[in-house]
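Taking it in order: structure first as structure tokens, then the write-up.
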Amino acid sequence: MYTNQFSTSPDPENTIPCSYNPLTDEAEAPASDRRSIKVILSTLLSGVFLLALVMVLIGDQRSEDPTVVAVKGDYQPYSSSKTSEILKPAKVSRGVSEGVSEKTYRLFSAEDGASFPWSNLMLSWQRTAFHFQPENNWMNDPNGPLYYKGWYHLFYQYNPDGAVWGNITWGHAVSKDLIHWLYLPLAMIPDQWYDINGVWTGSATQLPDGSIVVLYTGSTDKMVQVQNLAYPADPSDPLLLRWAKYPGNPVIIPPPGIGSLDFRDPTTAWFTPDGKWRLTVGSKFHKTGISLVYQTTNFTTYDLVDGVLHAVPGTGMWECVDFFPVSTTDENGLDTSVNGPGVKHVLKASLDDTKEDYYALGTYYVENDTWIPDNPVADVGIGMIYDYGNFYASKTFYDQSKQRRVLWGWIGETDSENADIEKGWASVQSIPRVVTFDHKTRSNILQWPVKETESLRLSSDEFDKVEVPAGSVVPLNVSTATQLDIIAEFVVDNASLEGTGTIEADGGYDCSTSGGAAGRGALGPFGLLVLADKSLAEQTPVYFYIAKDIDGHLKTFFCADESRSSLANDVGKHVYGSLVPVLDGEKLTMRLLVDHSIVESFAQGGRTVITSRVYPTEAIYGAARVFLFNNATGASVTASLKIWQMNSAFIHPYSNEQEM
Ligand code: DQQ
């Protein structure tokens, strides 16, 4: 039976049964005092420690490389006087030698030539108005989201010292509605040997009596990844301002054969019929991504379950695994412990190698703690991605107050690190999205901005059945265009869809390799240009492309093209997207949330989602515009839209005097 009694002094009964082994002893640690995973896995895993050591060595060599700029705390702000200098390309790595995915995009600017002369005006415009971001400094993964005593809590990976990854603590904010936020004091800082190199990603579990436990990864004094337990120091405080770390930490250490740099990000726990809680931790053996399962009755002692929840060869390290049920019979979200008829389980892994959040739907077999994908061809890491744009390390939680499952993801930067330092912040969280099973396709999830987003809608403009002929751009007259919620519906004329004149062998279309919105096909691309200036020198197209095979079969793609999003030469510009299922009788629909430098785009009710991170230099403030476009050669399109101006969210520090 579960108990939630964590004493503040270590209880010998409840502490882990073996002492912590430092990194150098790891390879030789006798297995006798720990449970081993399946024999076959143990064999496969034995090489991982060596690999981890090699990674550490590579990391060390990097810091001696004269082309590497080691930036730790002492940052040189980007100054406009330097803008005309030819900057030598420089590499920098943050996180990799510590054993997490790369946390920097680029240090300086253009790889060839002068950096772009960013002005303060341009940089300040980039700050978002209704996405969550800290007041300043660096943020990455969302951590431990939960609803408690009337408040939504969001914790996040945060560097209180600067706008780059490092010194990772848990930032903390609360909200009544997932939109307006109050910044609270830091929840947990790296101050113990078992997390001194970082209070990394973790999850919260709410127990049936309403109490909360948090498990998070600590990077130890020896940079070993261990799992630690924390809990509210004062559970009567709805703001959960003070957190206690369990004195017996770490509660889980890397098992034999698992690399000490490859063991992180515990999930929310779920309760199983045998009276035990289970949770999973991401890892890898060689190039196979895996999720290990632990069971516990008290959250202080854990047993490694034989085997793995799931493994997919070739997918590399699995970070930030998330595992939760969805209902196949109704729209409600489900508590993490729910299983049985009418339930499928989503398994999501954030792929360290590609920085993408892959998921698949499948069945969880509690009797042997395995999860089997519905469609092995679209397994985790090789099939569907939550968001084809800039969105990583995501996490869901069950909102018991509204019976829904809510997803957050980290939207990172793709400008230069120097620009981030200059503007004083880096990264944003996505709009919280409700996740449901797609009852129509039955093969994917749907993501949709939480209903509360609509509370920010101000005035709106409606455009009914606007003709957008092949090869045209149509301006839409909206007052300002930097904070928008857009709903658009597109109808392609039937003659083009059915006619033989539009047949092309482009069934193998791919958003990323297609030449973007400028690449013309018979039936696409068509859609919206947002964050565009009057001359269209800057524009971010979000669009559909219908590909028609020689057999007349149609496939629809949903894409976003950043390649002309900025005149600056020192920002990332990608074309993202994927196939979007469109069922018989459905219209083509998209919803876009435009918030300064972020565009979150949802197609067909959230079947395919793309987040764009863009850095316009001209299409900012009052100069930003919206257009319809149709770059198809053989199809006329009619578009109907409703465009709301969006208010700014109230996101401020909490003060004690504040009325809560
Ligand atoms: N971020 C955390 C890790 C996690 C990674 C460190 C994913 O726990 O694996 O900041 O972005």
Original post:
How high is the FRET efficiency from VAL466 to ASP335, r the C-beta distance, R0 51 Å, rounded to 0.05?
Top reply: 0.70
Subject >> Built amide H within the under 5 Å cut-off of SER337, gap 5+ >> reply: PHE271
**OP:** Mind giving me the nanometre distance, one decimal, between the label points for THR363 and SER443, set 7 Å out from Cα along Cα→Cβ?
**Re:** 1.9
Subject >> Neighbour-count order for ILE651, ILE546, fewest beta carbons within 10 angstrom listed first >> reply: ILE651, ILE546
Subject >> Projected label distance in nm at VAL343 and SER640, using a 7 Å step from Cα toward the beta-carbon >> reply: 4.1
Original post:
Taking 0.36 nm per intervening residue step and subtracting the Cα-Cα distance, what contour gain separates SER119 from ARG242 on full extension?
Top reply: 40.3 nm
Subject >> Taking SER236, SER93, SER460 and counting other C-beta atoms within 10 Å, the order from fewest to most >> reply: SER236, SER460, SER93
Subject >> Efficiency of FRET from Cβ geometry, THR328 and ASP584, R₀ 22 Å, rounded to 0.05 >> reply: 0.55
Original post:
Can you put MET223, MET590 in order, fewest other beta carbons within 10 Å first?
Top reply: MET223, MET590
Original post:
According to the square roots a ≥ b ≥ c of the eigenvalues of the Cα gyration tensor, what is the shape class of region 152-218, taking rounded for a/c under 1.5, prolate for a/b larger than b/c otherwise, and oblate for the remainder?
Top reply: oblate
Subject >> Whole-Hz couplings from phi, Karplus 6.51/-1.76/1.60, listed for region 428-440; x for Gly and Pro >> reply: 9, 8, 4, 4, x, 10, 7, 10, 9, 6, 7, 5, 7
Subject >> Under-5 Å amide H pairs with ALA649, H placed in peptide plane, nonlocal only >> reply: PHE130
Original post:
Which residues' amide hydrogens lie under 5 Å from the amide hydrogen of ARG404, considering only partners 5 or more residues apart or on another chain, with H built in the peptide plane?
Top reply: GLY333, ASP399
Subject >> Net charge of neighbours whose Cβ lies under 14 Å from the Cβ of LEU529, counting Lys and Arg as +1 and Asp and Glu as -1 >> reply: -2
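No value in this document is a laboratory result; all are computed from the given coordinates. Quantities reported herein were computed from a predicted structural model and do not represent experimental measurements. Please note: Cβ atoms are built from the backbone with ideal geometry, for glycine as well, and neighbour counts cover all protein chains shown.
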